[in-house]
Each structure stands twice: as C-alpha cells, then as structure tokens.
Amino acid sequence: MNLEPITEVKAPEEIERQSMEVDIACAGFGPAMGGFLTTLNQAWSENPADPAFESKVAPGMPLQVLCYERADDIAAGVSGVVTRAEGIRSSFPTLKTNEIPMAAEVKQERVLYLMDPVGASRRSFALKMGDKVLSGAGRLLGVKDHAFELPWTPGFLHKQGGLVLSLGQFNQWVGSQLMAGGLVQIWPGTPVSGPLMANREVTGLRLADQGVEKNGAPADGFMAGMDVHARLTVVGDGPVGAVGQAIDRRIGLPAGHARREWAMGMKMVIELPEEASNPDKLNKQALASDGVMKDAGEDSPLEPGTVWHTFGYPEPEIFGFLYVHPERLVSVGIFVPSWMHDPSRTAYRYLQHYIQHPALWRYLKNGTLRSWGAKSLEESGRHGEPFLTGNGYARIGEGSGSTNMLTGSGVDEAWTTGTQLGEAVIELLREGKAFTQENLATTYETRRRASRVERGTREAESARNGFQDGLVRGMMGMALAGLTGGKLSLRANIPPLYKQMRPASLDAREAVKRKDAAALALEDGRPLHDALLTARGWPEISFDGRLLVSQQDALLMGGKVQAMPGFADHVVFRDLRLCAACDEKTCIAMCSGQAITLGENGLPAFEREKCVHCGGCLWNCAKSSDGERGNIKFLAGAGGLHSAEN
C-alpha cells in the first residue's frame, strides 16, 4: 500500500490552450455576483450609447462580460434564506415578491429554545438543570412541545420588512433579468480551475480541463481548459472556490487574519400536508363566523413569511431554522458549527432528529421531501477577510468576509458587496482608469468601508468567541456584542480548525460506544458515525419513504445529485499517511453526500459523482501537515445539486 503524499498531476504547461480576451471575467454566480452584474446591466441599459461601456477588446461592441459558474444550473444554489433585503430592494425598487417563486415578505419571527425530548443530547450539567427548571415551570413560562419561546427577540435579529427566499429560485430570477438585458453572458456547468496570475497580478481565469483521469492526467478525449484573459477578474466563487483559494495561497491573508470559524448548513424543502394548516384540530365550523366553511389553509399558523430561529437541539451547539414559503412549502434546516468539538458530528442524521422535535413535527409530520441540500458557511467574517482588491481583481460576497452577520444569512450583505463593486467599476470606466489595486481600493473598498456591510462585520467580528467554551457562554457573548453594536465582546483564542476537534481517543466512555457502533456498522452496513449516534442513545430513524428517507435517497429525491464524466476529482487527500493515523474520520461523518467513505485499509475514498460541493471536508479534517490547514484539498469540479427549490 502506497501512503506517500499525493502529488497533484497537472497538464503539461507547454500544451496548447485556446484563449480569448474579455473585458470582465467573473468566477461564480451567487447573490454577490448577481448584485455586481445587475448594477452593470442596469447602468448600461439606461444608456447603451455611453462610451464608458464600449469594449476595449472588441471595439464597437459593448463590454464583453462573461461569468462562469461551476454548478450545472445557476438555480442550484443551496439555501432557504431570510434577509432584510435592503440591498436587493435598492437594486429592484419596484420588486413584487410574487415575481420570484417561493418568495414571501417576513410576517412574524420567533426564537425558540428547544429542549431534548429523547434524552440523548450531550448537554452540560448547567444546561440540564436549566431544562429542568423550564419543564417544572412549563405552564407558567409557556413551555409547549419541549420548546420555550423567548419573550423578547433582540433587535439585531429582526427581519421585519425583509424577505423569505429560496436562493436557487432567486438566482434563477436574477439570471433571467441579466440574460434578457444583453450585456452579460453566464455560463453554468463551467468550473474554473484557477486564476491566471503574473506575480501578484490577476490577468484572467483558466477553465478546468476535461477528458482527464481522476488525478487530472490527460486521457482519451482530453480538452485543455481555455485561458480567459480579462482586464478585470471578479472573484465571487465563495469560501471554498478554487479561484479565491489560489489567490489566498499566492498572496496570503492580511496579517492576523485566518479562517477558523465555519458551519455546515443542511436543509430540506418540505411540502406540508394539508392538515398541517390546522394542527390543533380546531372545529372548521367554528372558524366560520358567517356560516361559510373556510378552506383549511386559510387559518394556518405557518403562514408564508413565518420565520423561526431555534437553538439547543439536537445538540446544544446546533442552531436551526424554519422559513415558510407560499404554497405550503417550508425550508427547514440546521447549522453544525466548527466549534462543535465532537469529531463524530454528522449533519444528516442530526437533521432528521431536528425535524422530528415535537415543536416542529406537529407541522411537518406526513410532509413530503421536495428538495435537499447542504453548504459550508465561512463564518470568520473580518477575522478571515482576504485582500479585497489587487491589480486586476476584486473579491465580493462570502469569500470576501461578508457572511458573519448578527442579522443572519449575510445574503443581502453579499449582494451589496456586488453592487458596491459594480458602482466602482462604472466610475473607473467613465474616468478611463485602469483596474489597478490603488484604483479599486479608492472606489470599491472605500464604498464598502463606509457602508452597513462594514458596520455589520465590525459588530459581529468577535460575537461568536464565547461558543468555543459552550452554548451558554456563546449566547452571552453574542448578546453582549449585539446589544452594544460590537463595542463589547468576549475574548477567545480560536485555534486552527483541526485543533478544535476533541480527539476520539481521549474519552474512555466514548471508546466503548465507538466499539458498539463499529459492530452495528458491520452488521447492517451503515456508516460508522451514523451507528455511533445510535450507540449514544439516539433513536433509530423510522423511514417513511416520503420525508424520513436514507441519506442516499435524499441525494436522489431532494438533491438530484449528478456529475458529468471527464473531470478530475476535486477532493484530494494531501498525505495518506495522516489519513491512516486518523481515528476521528470527521471528513466522512460530515460529508453531506456520502461521497467520502471508508475505503480499503481504513483510508478515505472519494466518489465524485455523489459530491454536492458543500466543501465540508475542507474544514472537517482532524489532521494537518502545516499547523493551519487540514489534510484535504478542495479543487475545481463539476456536477453537484440539481434542484432549483434550494
């Protein structure tokens, strides 16, 4: 067995590659890129004759603006989101929610603390005592279905006037506006392998090679990725995107910055049963004061625009949400954070227990799975902010550090970073200035630093510090930062990601449970980490073939996961010797698509066709060869989710 470090195979540099010249090349299509391209397109549409928009690479033509998206469809974005939508509404002042499928205005918000109804959660002594107090004073405090609704919702969480969205449907709607405008070309199903760079200057993008072996070596039908040279390269490929990662490796992060806070967001889109509109089984006749029978759906407590934020279950570190869309659809999901020190965290099994919590199950029972997906969220915020500009490039969206917001998803903030760059680019075009680091900093960075995006990232900069020491301290720290606008916060030394995991070998009781789990996994072939939750006392999931289904069925029914052949594996294990010495195997536990499994000789094996590109393996690795990064590389790749309802 060869355990030598893997050397990435690269196509020979002397290979002939096609190339093309454009004015602006964009990597990734999400909310931030949507904001950028919308700003450009609207300005051009107002005055197509504006000489500022004449192409320098194709004189006499409008700007040549091309956007490359890895996913096979721009609607494959993963998230049900609730957002204040200030930036989005600014771009679309006459926006009507019924124009966007699954969109609704926020009507009501609740924050619920969920107690453990099954007794398997890993709760501290203090938390268990708190649960007993709540249970004992249940009627007085309004505890119902093992849930306590906070009597007061902090102002920084309020989304009144905002929107509940399906990110996939929103992206598709924005994309249709752009493509109809005529200025922008969007190419889905086109992964970008990395930036073209000359020293510290970005000169364009290189598309991924096709017709290659798993390790990237040319095979029959080899087609070298095209080089797209651009005056400006806009990087919006998210926190695990190949372009952003490559720039960070070449240039580094600002002094003192590191990306050490992450979360896995996993969600389902569920079609509610009709009876869920009246879970308390009220007499229909009593609902009709005028003697006319009302439709059951008219009195649903889960009306479109309802937003629930939850914490405390299935584990204290896991946060959850429920967002109600029109037509009896809800987005329900959880966030599993990097500061959940348990190395055996497994998001899908936890999600199944979450939706069965009595406070949610009374509405979701007998529902039908419509969609499923998962995505890594980079939550370091300003702590992980890269250099926003450089010669020939600018960074926007989540990969630029805009996500860590006390207000929630960060989608509107990402959109706003895109509009700010769009305004800056228009200014430079009209002034005839080059896209240098100095000019981009003067225009784009100046706008961003003076905006609510900057204020939001400052307020949230250290808000999550306390969670390294548990839920109670974490909630105190978040409240302290939120109520003081970030002026006060708890201090914490946030270690590298691999050090945030508790070694499996330290807990003798856990070793016994792992032994029981291994026997159970051998008995019925289930994944080890799924078996471990059973050994810890979590009840088995009773599959119903409709909503409660196996993870593989969720991939097919909800995620509709597939991948085109001919691309290299985008998940690469740097040093298999470290994998062989790893007891935790957290990369397997947190793989959303079960694309990483336990292979021969106890080593992880990767199946590209199952990968949903969540990026969870990148930060769920318990080993490191350099003291900072994990033992996994996440490269450019194709395929993934194919559901537009995410």
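Here the simple spin-label model places points 7 Å from the Cα toward Cβ, and for K499 and A219 these points are separated by 4.1 nm.
Label separation (R546 vs S124): 4.1 nm, computed from points 7 Å beyond Cα along the C-beta direction.
For percent of Cα pairs over 34 Å apart, several values are listed as (1) 51; (2) 43; (3) 63; flag the one computed from this structure. Computed from the coordinates, percent of Cα pairs over 34 Å apart corresponds to (2).
For region 8-110, which GluC sites (Glu not before Pro) are both in a DSSP coil and crowded by at most 12 other Cβ atoms within 10 Å?
On the way: sites: E8, E13, E14, E16, E21, E46, E54, E69, E86, E99, E105, E109; in loops: E8, E13, E14, E16, E69.
Sparse-neighbourhood loop GluC sites (Glu not before Pro): E8, E13, E14, E16.
Taking amide H as placed 1.01 Å from N in the peptide plane, the amide H of G189 sits under 5 Å from that of E69, A71, D72, D73, each at least 5 places away or on another chain.
Overall, the accessible surface of region 201-246 at a probe of 1.4 angstrom is composed of carbon and sulfur to the extent of 49 percent.
In the chain, helices alone account for a calculated mean residue ellipticity at 222 nm of -7500 deg cm²/dmol, with every DSSP H run of four or more residues adding -39,500 (n - 2.57). Taking amide H as placed 1.01 Å from N in the peptide plane, the amide H of E261 sits under 5 Å from that of E379, S380, each at least 5 places away or on another chain. Using a probe of 1.4 Å on the protein chains alone, the accessible area found for R17 is around 50 Å².
Accessible area, 1.4 Å probe, largest first: how do K513, K633, K365 sort? Working shown, then result.
Values: K513 75, K633 45, K365 110 Å².
Heavy-atom accessible area, descending, gives K365, K513, K633.
Note on exposure: E385, E459 ranked by accessible area (1.4 Å probe, complete protein assembly) read E459, E385, with the most exposed listed first. Here T416 sits with roughly 20 square angstrom of accessible surface, probe radius 1.4 Å.
Cα centroids of region 550-580 and region 606-621: 6 Å apart. Computed over neighbours whose Cβ is under 11 Å from that of H642, the net charge equals -2, Lys and Arg +1, Asp and Glu -1. Derived scalar couplings between HN and Hα for region 478-485 equal 5, 5, 4, 5, x, 6, 10, x Hz in order, rounded to whole Hz, by the Karplus curve 6.51 cos²θ - 1.76 cosθ + 1.60 (θ = phi - 60°), x for Gly and Pro.
Counting only protein chains, not ligands or nucleic acids, how are M197, M223, M264 ordered by accessible area (probe 1.4 Å), most first? Display every interim value, and only then the final one.
Details: M197 45, M223 105, M264 0 Å².
Result of the area sort, largest leading: M223, M197, M264.
One Cα centroid belongs to region 99-150, the other to region 514-528; the line between them spans 32 Å. Taking 7 Å steps out from each Cα toward its Cβ at R139 and V57 produces label points 7.3 nm apart.
How much accessible area per residue does the chain have, counting only protein heavy atoms and a probe of 1.4 Å, in square angstrom?
Working: 26420 Å² over 646 residues.
Roughly 41 Å² per residue, with all protein chains present.
Using a probe radius of 1.4 angstrom, the carbon and sulfur fraction of the accessible surface of region 542-608 is 55%.
Each Lys and Arg contributes +1 and each Asp and Glu -1, all at the Cβ; summed about the Cα centre of the chain, the dipole is approximately 1820 debye. Ligands, DNA and RNA left out, the 1.4 Å accessible surface of region 34-115 is 50% carbon and sulfur atoms. Rolling a 1.4 Å probe over the protein heavy atoms leaves K144 with an accessible area of roughly 110 Å².
The values are calculated or read from the model by the stated rules, or taken from the named source; none is laboratory data. Since this is a predicted model, take the numbers as computed values, not measurements. Note that we place each Cβ from the backbone using ideal geometry, even for glycine, and neighbour counts take in every protein chain shown. Heavy atoms of the whole protein, side chains included, go into the accessibility calculation; ligands, DNA and RNA do not. Shrake-Rupley method; radii C 1.70, N 1.55, O 1.52, S 1.80 Å.
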